[in-house]
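Peer 1: Take a look at the following structure, please.
Values in this text are rule-based calculations from the coordinates and carry no lab data. If you're wondering where the values come from, they're calculated on a predicted model, not measured in any experiment. Counting neighbours? That spans all protein chains shown, and the Cβs are built from the backbone with ideal geometry, glycine included.
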Amino acid sequence: MVARFRNGFTTSSGHRRHALHVACLAGLLAAPSVVFAVCPANLGASSYSTPIQDGGSTCVYTADPVSVTVSGHSSTGLVNVTGNTTVNGVLTITDTNGDNSRGILVSGSGVANFLKDVTVNKPSGLNNATPIEKAGTGTLTFQGNVFATSNTGAPSNLVNTRDGVRNNAGTSDYLNNLNITSQGGTRSGLYVGAGTVNVGGNLTLDFQSTFYATRSLAALWSQGGTTTVTGTSTITTVAASASMPAVMVQSSQVNLNGLTNITSAGAGSAAVDVRTGGIAQFNASGNSIIASGATGIGIQLRGNGAFSSGTGLTVDAQGTSFNYLGATGTTTLTGVTATTAPMVWNADATSVATFTGTGGHFKGASQLASGGQLTVNLSSNALWEATAASSMTLLDLQSGATLDASLLASLPVTGNLTNAGGVVSLARTDATPTNLLDLAGTYTANGGTLALNTLLNDASTSVSDVLRVSSTALGGAPTIITVVADADSTPAFTTGKGILLVQVTGGAASSAAGAFALPGGYLDAGTTRYELVRDAEDGNWYLRSVAAGQLTVSKQVNVPAGAAAFSGTINFTVACTNPTANFSGNIPVSGNSGAAPAILVASGSTCTVSEQLPTAPAGYSWAEPVYTQAGVIPADAAATASIVNTLVKSGGSGGNTDTIQPVPTLGQWGMIFLSTLMALFGFGMSTRRRVG
């Protein structure tokens with residue numbers, strides 16, 4: 001069987017499919033032939049069955065509505081503007097077999113003005129070129145809504161469409177909404193090769209491609225000029241390969257100023273692909289970018305391509321949220337949510353890229369190929385939940401930004417980490433004290449926090465989350481280690497070097513002194529006090545116990561005979577050295593006695609008590625307190641400071657500063673009593689001698 005096609009190709013049935021493809025490509029390359037003619041004889045007609053053209057003249061179509069219906073017209077625009085054309089009414093163009101034809105073609109210096117809604121419907125065609133095309137230096141203006149559809153009936157890889165709407169030069173103004181449905185073998189939905197395209201209302205783009213699926217094309221394909229959308233942009237694309245993003249911007253600028261929602265459903269495809277010379281600005285807040293296909297990419301940057309978005313961008317991808325291919329420059333975003341892709345950041349060996357996230361929530365891993373550079377700056381309480389082994393050049397945590405390293409029992413990270421006011425947490429989502437953050441790089445302390453779960457027993461049975469690093473550096477203030485004591489802790493004095501918290505694999509020479517500290521300088525748990533020690537031999541940081549004692553402040557009030565027993569509350573402050581510490585509390589006194597709870601203090605401490613006495617009863621005042629001689633709190637033992645206050649008749653003196661001393665022993669009280677008796681006996685003998 002031999003088949004002959006319109007384009008002149010003859011083939012057997014075995015080669016029919018190949019001939020169809022050749023015919024399609026030939027149609028794509030064919031330039032539209034311009035048929036010059038004067039205006040139609042009847043400019044007030046409501047319908048036309050042949051293309052309407054101005055032939056370089058000025059033509060005003062006055063009917064409302066106006067329809068143009070043809071069945072394919074090769075290489076000729078159904079509305080061909082080379083002069084000056086105005087259509088006053090609602091215009092509907094239908095090309096039932098749009099073989100290499102344009103619905104509206106404005107070329108040269110032509111000027112076209114459509115005052116009301118325009119619909120261009122091209123349901124099928126072997127090479128269904130494009131519903132609307134702008135070429136030349138002229139202008140194209142739509143004052144109503146525009147609906148451009150092509151190949152919507154039966155999308156097939158045997159049917160191809162060049163573009164839904166195409167702008168190769170000049171200016172196209174869509175003052176209201178632009179709606180494009182471009183399917184079948186589609187190259188793009190909206191193609192801007194040069195010039196300016198302005199959409200004053202909403203842009204809705206429904207795009208599907210099969211014939212061109214292996215080509216590097218896009219639903220919104222910007223290769224030149226400037227495209228601006230004032231209203232909402234909704235771009236949905238289905239592609240058969242990873243080569244077709246939903247939005248591709250190269251050597252041009254795309255400004256989507258209204259709420260933007262982009263969905264790319266192709267396997268491995270990028271929702272947004274910004275290439276060299278491209279600038280993509282999504283300026284509204286709350287934008288959404290979805291790459292729902294397997295291994296889909298949310299935002300892909302190449303060369304010096306630049307992407308920006310208003311706050312609250314959501315990137316919902318199945319492969320990678322931010323992908324860098326030979327990328328340079330910095331991407332700065334605020335309030336991003338990127339939590340679905342297994343990879344948050346991925347940079348190849350030729351990229352030198354920086355991502356700066358202010359606030360936001362990120363979940364997944366980071367990957368950097370050997371030879372590339374990737375810096376991730378997180379600030380303003382941004383949260384990154386690391387879910388797998390990761391690599392980057394530098395992770396910089398600032399102003400409360402958190403790296404959650406608790407989702408894995410062991411998290412390997414290659415690269416440097418600077419904590420400049422952020423939080424590195426091995427305890428955020430997992431309370432077991434066995435997590436390891438293994439950093440093959442330098443940890444630089446410049447403030448911030450390291451949060452660890454720790455089982456506080458003696459050193460032989462204790463276990464803790466551990467930060468393991470190659471080396472440490474002190475860039476400013478130390479990182480404060482907050483230890484969350486495990487519920488099964490039984491605090492005890494440590495043996496050996498203590499409980500390991502930070503391991504420095506490079507040894508003592510790679511471990512900066514002062515890089516870490518405990519809040520307040522120590523940790524009290526039960527009756528045990530721990531200090532953080534940098535070991536001089538290995539450079540690791542350990543919790544080590546220090547001897548401690550308990551101090552109880554007791555109070556007694558002496559009341560003169562005949563006065564009612566005193567009841568009230570006496571406030572006190574205990575100030576101790578070794579280390580310097582202050583404790584405050586109160587002692588309820590009832591029936592002239594009371595005691596404060598025990599206070600844990602370091603051994604060898606010297607403490608003083610400052611009292612704030614209540615107002616004495618009417619007619620009385622407080623005398624100087626009674627206390628014993630100064631002494632030092634013993635190690636790991638109990639001590640009691642006993643203070644006696646006395647009420648005296650008004651006019652007595654008072655005081656409120658006492659030095660804590662050991663309470664006299666029973667033997668000491670006996671000696672005091674014996675001395676008193678002997679003094680009284682001596683006084684009596686002296687009296688008798690004088691009398692005699």
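Peer 1: Take every DSSP beta bridge whose two residues both sit in the stretch 380-528, then give the antiparallel share in percent to the nearest 5.
Peer 2: Just about 10 percent of them are antiparallel.
Peer 1: Cut-off 20 Å, label point 7 angstrom out along Cα-to-Cβ of ALA431: give me the residues of the stretch 501-534 whose amide nitrogen falls inside.
Peer 2: Of the residues in the stretch 501-534, 525-526 have backbone N under 20 Å from the label point off ALA431.
Peer 1: If you wrap a convex hull around the C-alpha atoms of the stretch 405-546 and split its volume per residue, what is the figure in Å³?
Peer 2: Enclosed volume per residue, from the Cα hull, is 93 Å³.
Peer 1: Where a Cα-Cα gap under 27 Å defines reach, which lysines qualify for LYS122, not counting those fewer than 8 residues away within the same chain?
Peer 2: LYS134
Peer 1: While we're on this one: Extending each Cα 7 Å along its Cβ direction at THR58 and LEU474, get the distance between those two points in nm, one decimal.
Peer 2: 8.4 nm
Peer 1: Kindly put ARG468, ARG187 in sequence by how many other C-beta atoms sit within 10 Å of each C-beta, fewest to most.
Peer 2: If I rank by nearby Cβ atoms, fewest first, I get ARG468, ARG187.
Peer 1: Let me have the relative contact order for the stretch 53-193, percent, based on Cα pairs under 8 Å that are six or more residues apart.
Peer 2: 19 percent
Peer 1: Any lysines with Cα under 22 Å of the LYS649 Cα? List them, leaving off those in the same chain fewer than 8 positions away.
Peer 2: Correct list for LYS649: LYS555.
Peer 1: Can you run phi through the Karplus equation (6.51, -1.76, 1.60; θ = phi - 60°) for the stretch 336-341 and list ³J(HN,Hα) in whole Hz, with x for Gly and Pro?
Peer 2: 6, 10, 9, 10, 9, 6
Peer 1: I'd like the FRET efficiency for THR490 and SER308, computed as 1/(1 + (r/R0)^6) with the beta carbon distance as r and R0 of 45 Å, rounded to 0.05.
Peer 2: After rounding to 0.05, the efficiency reads 0.25.
Peer 1: Near the amide H of THR337, under 5 Å away, which other amide H atoms are found, from residues 5 or more places off or on another chain, if H is placed in the peptide plane?
Peer 2: It is LEU313, THR314, VAL315, HIS361, by chain and number.
Peer 1: Just check the stretch 298-424 against the gyration tensor rule for me: Cα atoms, a ≥ b ≥ c as the square roots of the eigenvalues, rounded for a/c under 1.5, and otherwise prolate or oblate depending on whether a/b exceeds b/c.
Peer 2: On the way: a/c = 1.36, a/b = 1.16, b/c = 1.17.
It comes out rounded by the Cα gyration axes.
Peer 1: Pop a pseudo-label 7 angstrom from the Cα along the beta-carbon direction at both ASN176 and SER593 and give the gap in nm to one decimal.
Peer 2: 9.5 nm
Peer 1: Using only the Cα atoms of the stretch 308-361, build the gyration tensor, take square roots of its eigenvalues as a ≥ b ≥ c, and label the shape rounded, prolate or oblate: rounded if a/c is under 1.5, else prolate if a/b is larger than b/c, else oblate.
Peer 2: Oblate.
Peer 1: Test of understanding: ordering SER464, SER380 by Cβ neighbours within 10 Å, fewest first, what list do you get?
Peer 2: SER380, SER464
Peer 1: Could you rank the peptides 413-421, 364-372 by their average count of other C-beta atoms within 10 Å per residue, with the highest value first?
Peer 2: 413-421, 364-372
Peer 1: Kindly identify the stretch 393-446 as rounded, prolate or oblate by the Cα gyration tensor criterion: order the square roots of the eigenvalues as a ≥ b ≥ c, call it rounded if a/c is under 1.5, otherwise compare a/b with b/c, prolate if a/b is larger, else oblate.
Peer 2: In terms of gyration-tensor shape, oblate.
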